[in-house]
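Just so it is clear, none of the values below were taken in a lab; they were calculated from the coordinates. Note that this is a predicted model, so its numbers are computed, not measured. Neighbour counts run over all protein chains shown; Cβ positions are idealised from the backbone, glycine included.
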């Protein structure tokens with residue numbers, strides 16, 4: 001329980017860690033792409049689309065650093081797989097995805113009405 005309302009995001013609060021992880025543009029997409037099975041780097045590039053090899057490599061390393069993704073090398077290939085800890089982020093990602101489906105059009109409409117784009 002926070003010391004007082006709104007303190008969840010203060011400097012020493014664990015909630016900031018979650019925001020730091022999911023704030024990366026590609027982190028959530030990569031985690032979601034790994035939800036069903038291990039994937040090779042090239043498979044992730046094809047599946048995700050729009051991410052460069054360099055940025056994907058950086059994102060995978062960052063997710064490994066958080067203990068959310070593991071890199072398995074063997075038999076001349078490298079696979080990336082979600083850890084048990086990484087799998088715990090799938091339900092929050094599903095909630096964000098549902099929010100986007102429900103409210104994304106309203107956000108886009110608002111931005112367009114103000115002459116802004118994503």
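Quick check on the chain: take the gyration tensor over C-alpha atoms, sort the square-rooted eigenvalues as a ≥ b ≥ c, and tell me if it's rounded (a/c under 1.5), prolate or oblate.
Note, shape of the chain comes out oblate.
Whole Å is fine, so just give me how far the alpha carbon centre of segment 71-118 lies from that of segment 48-66.
If we compute the Cα centre of each part, the gap is 13 Å.
What nm distance separates the two modelled labels at residue 61 and residue 24, each placed 7 Å from Cα along Cα→Cβ?
About 1.1 nm separates the two model spin labels.
Report, in degrees rounded to the nearest 10, the 0 to 90 angle that the Cα long axis of helix 53-65 makes with the longest principal axis of the chain.
Compared with the principal axis, the helix lies near 80 degrees.
Using a 7 Å offset from Cα along Cα-Cβ at residue 77, what residues in segment 37-56 end up with backbone N under 18 Å from the label point?
It comes to 37-48, nothing else.
Under a point spin-label approximation (7 Å from Cα along Cα-to-Cβ), what is the residue 112-residue 46 distance to one decimal in nm?
Spacing of the two 7 Å Cα→Cβ label points: 3.4 nm.
For the chain, find the longest principal axis of its Cα atoms and tell me its angle to the long axis of helix 90-113, 0 to 90°, nearest 10.
50 degrees
I need the calculated FRET efficiency for the pair residue 99 and residue 70, taking r as the beta carbon distance and R₀ as 30 Å, to the nearest 0.05. Each step should come with its number before you reach the end.
Numbers: r = 29 Å, r/R0 = 0.96.
Using R0 = 30 Å, I get an efficiency of 0.55.
For the chain, what does the relative contact order come out to in percent, with C-alpha contacts under 8 Å and a separation of six or more? Walk me through the intermediate numbers first.
Working: 93 pairs, mean separation 23.1, N = 118.
Reported relative contact order: 20 percent.
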